[in-house]
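To start, the structure under review is shown below, and the notes come after it.
The values are calculated or read from the model by the stated rules, or taken from the named source; none is laboratory data. Computed from a predicted structure; not experimentally measured. Cβ: placed from backbone, ideal geometry, glycine included. Neighbour counts: every protein chain shown.
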DNA sequence: GGACGACGAACGCACATACT
DNA sequence: AGTATGTGCGTTCGTCGTCC
């Protein structure tokens, strides 16, 4: 039985019998995981870590991040998101493990299983085995065991799911209607997704929040936003550069603008910040080419490896990583499989597009605060055009 | 007809609380 | 001292309408 079948069997979301069907499915999932974990607990009960582990892999704690307060070791581990190379290493470790111990290939069960009924004592057989497997997966990586464990939970189960399908929505509705209290637990297991997104859905449904409207940003509207931020922070424009604002400030701005503050802050950091603080003639095509140069000199293998905050370091004052990401991603989103193909290929495609004369002269619409306190366009190049 | 603007939502970190 | 559950917020990806 799969999700599609389950969704098809549900005729009426409001009918309590629908919840029973979902629960049956949940039980099946649990049983499947339990079965696999039994094999694991039996086969690996006497295994201990025999390979040398760096200090950051020695913690006895699988689900909580490393507490490194009094660490004097100079050996460091990485803290950025796990990249493609590491992903492959983890998968390779898993293949080695199942081969060595003759296990079924069900990493999903290992990731999905939760210790609810057994002893949580770190020295219990179950917890020791779990830690052993996670340590095995983390072998050879500059990562803590927790990082790797977390990674397989969110990625290897079913990589990159993105939007919910109609079937998923239906099943979610059933759980939200009949068992809102346990919905997240059930759904996370059934859909193979992180609980975070499901909590969010629940939150939207039952608590609601400030509505986001679709705005048409104009210079007067942007002026209003800038003035509002300046007023509530008490800072002059220049000091807003690269500033983060407290939520209390954003909430006041939200009221002034009558728009959800998250949308406002996104607009500020993605567009307006650059338009105000990049004080020179920015040709967008030239800018993109510079990004490609940075990418070429980096160690990134695929698009998802790119750390935009690091890319930003190569750019002059005023730019934000959100802006760079935005400018470049629009070039590639339409390209099939752009997340997976090698970065050299990406650069090649980008350079080819940059050559199209039609867009060659696009410039960033730079702004400044005029004498009257309103934003106005400023052109840094000589061939001034009509507004 | 491709690029851009503006947003929704998944992904992911960090931390808090409850329980054992 | 560990696990599971719950929450706030920043980052990244997808989509759709509009502009040029």
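Structure notes:
- Any hit, segment A:253-272, residues being assigned to a helix (DSSP H, G or I) and free of Cβ contacts under 8 Å to residues at least 12 places away in the same chain: yes
- Here residue A:354 fulfils each of the conditions (1) more than 20 Å from residue A:375 (Cα to Cα); (2) away from DNA strand C (no atom under 15 Å from the Cβ); (3) modelled with pLDDT of 85 or more apart from (3).
- When the helices (runs of 4 or more DSSP H) confined to segment A:120-197 are screened for residues that are crowded, with 20+ Cβ neighbours inside 10 Å, at pLDDT 85 or above and not assigned by TED's automatic domain parsing to the domain that holds residue A:22, those reaching at least 3 such residues are found at A:125-137, A:145-151.
- Within segment A:310-331, the set of residues being crowded, with 16+ Cβ neighbours inside 10 Å and in a loop (DSSP other than H, G, I, E, B) comprises A:315, A:318, A:319, A:320.
- Of all residues making up segment A:335-375, the number that are within 18 Å of residue A:302 (Cα to Cα) and either within 20 Å of the chain's Cα centre (by Cα) or in a helix (DSSP H, G or I) (or both): 14
- Criterion: within 15 Å of DNA strand C (Cβ to nearest atom) and in the same structural domain as residue A:238 (by TED's automatic domain parsing) - qualifying residue of A:266, A:326: A:266
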